[in-house]
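Undergrad: Structure provided below as structure tokens; questions to follow.
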Amino acid sequence: MTRPVVLVVDDDPGVRESFRLILEDHYDVVDVPDGPSALDVVRASAVDLVLLDIRLPGMDGIEVLERIKALDEGIEVILVTAVKTVRTAVAAMKLGAFDYLTKPFELARAHDLDEIVGRHPAIEKLHGLVAQVARTSTTVLITGESGTGKELVARAIHHQGPRREGPFVAVNPAAIAETLIESDLFGHEKGAFTGAHQRKLGKFELAQGGTLFLDEIGTLRAELQAKLLRVLQEREIERVGGTRPVTIDVRFIAATNTNLKEAVGRGAFRDDLYYRLNVVPVVVPPLRERIQDVPLLVDHFIRRDNRRFHKRVEGLSPEALAALNAYRWPGNVRELENVIERCVVLAEGPVIQLNDLPLDVSLPQQVTKVRAAEALPLNEATDQFEQQIVLRVLERVGWNLTEAGRILEIHRNSLRVKLARWGIRAPGQR
């Protein structure tokens, strides 16, 4: 699927990089430093949205806006302006601008400790530790399984601390191609390598005055571990292709879902870097170890998703909640969050029922229901359970027997025989 294209026009490379960081997960981002370059892009390719700074060298943003609209009236333009020029931005909206943003800006997200939901003693201890460590600039190492909320903890530390007005920059080395990691972290100078047409600031510089969050730090390859150690020691970096060091003022928070101490023992991670990062260790427990927090998390996600999707879901049925409490949650809080979002989006009534849950989540509860039917002989209970599973799969694949057979790992003809024996027909079938 083709992603929407966003054109960022700003003469400040830091602003362009900040927009790219915010948008690149969901959009294709093109950035240019001036008006003529922006018009060249609009003429040459399809653009869905333009983020346009008003104060540009040479041709100002108002003129660029008029020319973009002359080229393609359908392109939406959002003006980016300093507070002092808001009146100009509002006036420009009369020329066709969709809206305006004011600098400085950041993503509208909640980062309070209240976002770390739970009353389990481990979560209450986590709250206290976050509040305590946030007041300092010391380096923190957050450990926990995937999906437990390590980045949420890192953001809470940042936004509770003295650097809250500075940027929070997150980077996951595992998600970046090996050939690009060094440039992404340290930046590069123009001409440093083929394709380096202009200077690019790396994540270290983009985080100046704020916090750099290094997720999945255990995936960092050996030579970059050595360079990161030097950054932690010297508090300066050198861009790829650069000749002068750049001093940085950044707080470091790292996270890992692996045992770094074991990695040190295997020689896969530098021991000196490990001790530099592990100044204050913060452990985020898996959801299965605090299952009593599931109802609180469910309520939290339902309230949030009701606002997001304009729904009025009131809660879960007792059977559905029992299924969530019985599930082991290998994907932790992130998996629960996704399950609730899906249920809220698809909900047709005020209460989420057991049958509304994904099959793998609801199965343990279905097993419990069958086991509780003590009055049934074993063969009848087994047959009843089999019917429930088959019907759930058929409903989810729109009664496509071939697809259901693939999921259940039986031939579609065998599935037809079972349905005939049970006297079950597809909806609408006589």
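Undergrad: Take every DSSP beta bridge whose two residues both sit in the chain, then give the antiparallel share in percent to the nearest 5.
TA: 10
Undergrad: Explain nothing, just compute: Karplus ³J(HN,Hα) = 6.51 cos²θ - 1.76 cosθ + 1.60, θ = phi - 60°, for every residue of the range 246-259 in order, whole Hz, x for Gly and Pro.
TA: Karplus-based 3J(HN,Hα) across the range 246-259 equals 10, 6, 10, 10, 9, 8, 9, 10, 10, 9, 8, 9, 10, 8 Hz.
Undergrad: How long are the semi-axes of the ellipsoid equivalent to the range 1-61, from square roots of 5 times the Cα gyration tensor eigenvalues, in whole Å, largest first?
TA: Over the Cα atoms of the range 1-61, the ellipsoid semi-axes are 19, 14, 7 Å.
Undergrad: Each label point is 7 Å from the Cα along the Cα-to-Cβ direction; what then is the distance between the points at Asn306 and Thr258, in nm?
TA: Result: 4.3 nm between the two label points.
Undergrad: Hey, any idea what % of the chain's accessible area is carbon plus sulfur with a 1.4 Å probe?
TA: C and S fraction of accessible area: 50 percent.
Undergrad: Taking the full set of protein chains and a 1.4 angstrom probe, give the accessible area of His411 in square angstrom, rounded to the nearest 10.
TA: 110
Undergrad: A further question follows. Which entries in Lys69/Lys94; Lys150/Lys200; Lys203/Lys261 show an alpha-carbon gap greater than 21 Å?
TA: Over 21 Å apart, Cα to Cα: Lys150/Lys200; Lys203/Lys261.
Undergrad: Based on the Kirkwood radius over alpha-carbon pairs, what is the Stokes-Einstein translational diffusion coefficient of the chain at 20 °C with 1.002 mPa s viscosity, in µm²/s?
TA: 83
Undergrad: Over the chain, with the other protein chains present, what is the accessible area per residue in square angstrom, probe 1.4 angstrom?
TA: Normalised by residue count, the accessible surface of the chain is 53 Å².
Undergrad: Moving to a separate point now. Choose one answer from Ile217, Ile407, Ile78: the residue with the largest mean-square fluctuation in a GNM of the chain with alpha-carbon springs under 10 Å.
TA: Ile407
Undergrad: I've got another one for you. Please list, in order along the range 294-305, the HN-Hα scalar couplings obtained from phi with the Karplus expression 6.51 cos²θ - 1.76 cosθ + 1.60 (θ = phi - 60°), rounded to whole Hz, x for Gly and Pro.
TA: 4, x, 5, 5, 4, 4, 4, 5, 5, 4, 5, 6
Undergrad: Given the Cα-Cα distance of Leu224 and Lys69 and 0.36 nm per residue of separation, how much length would full extension add, in nm?
TA: Residue separation times 0.36 nm, minus the Cα-Cα distance, leaves 51.2 nm.
Undergrad: Moving on. Taking springs between alpha-carbon atoms closer than 10 angstrom, which of Ser45, Ser146, Ser317 fluctuates most in the Gaussian network model of the chain?
TA: Ser45
Undergrad: Same structure, new question: Can you give me the long-range amide H partners of Gly242? Hydrogens built in the peptide plane at 1.01 Å from N, cutoff under 5 Å, separation of 5 or more residues or another chain.
TA: Glu189
Undergrad: List the residues whose amide H sits under 5 Å from the amide H of Val282, counting only those 5 or more places along or on another chain, with H placed 1.01 Å from N in the peptide plane.
TA: Leu141, Ile142, Thr143
Undergrad: Follow-up. Taking H placed 1.01 Å from N in the peptide plane, check which residues at least 5 places from Arg251 or on another chain put their amide H under 5 Å from its amide H.
TA: Here Gly210, Thr211, Leu212 satisfy the definition.
Undergrad: Now a separate question. Using a Gaussian network model of the chain with C-alpha springs under 10 Å, which one of Gly202, Gly210, Gly405 is most mobile by mean-square fluctuation?
TA: Gly405
Undergrad: Can you pull the accessible area of Arg416 for me, 1.4 Å probe, Å² to the nearest 10?
TA: We get 110 Å² for Arg416.
Undergrad: With point charges of +1 on the Cβ of Lys and Arg and -1 on the Cβ of Asp and Glu, referenced to the Cα centre of the range 167-250, which listed residue (His197, Leu228, Pro245) lies farthest in the positive direction of the dipole?
TA: Final value for the positive-end residue is His197.
The values are calculated or read from the model by the stated rules, or taken from the named source; none is laboratory data. Predicted model only: the values in this text are computed from it and were never measured. Glycine gets a Cβ as well: all are built from the backbone with ideal geometry, and neighbour counts include every protein chain shown. Heavy atoms of the whole protein, side chains included, go into the accessibility calculation; ligands, DNA and RNA do not. Shrake-Rupley method; radii C 1.70, N 1.55, O 1.52, S 1.80 Å.
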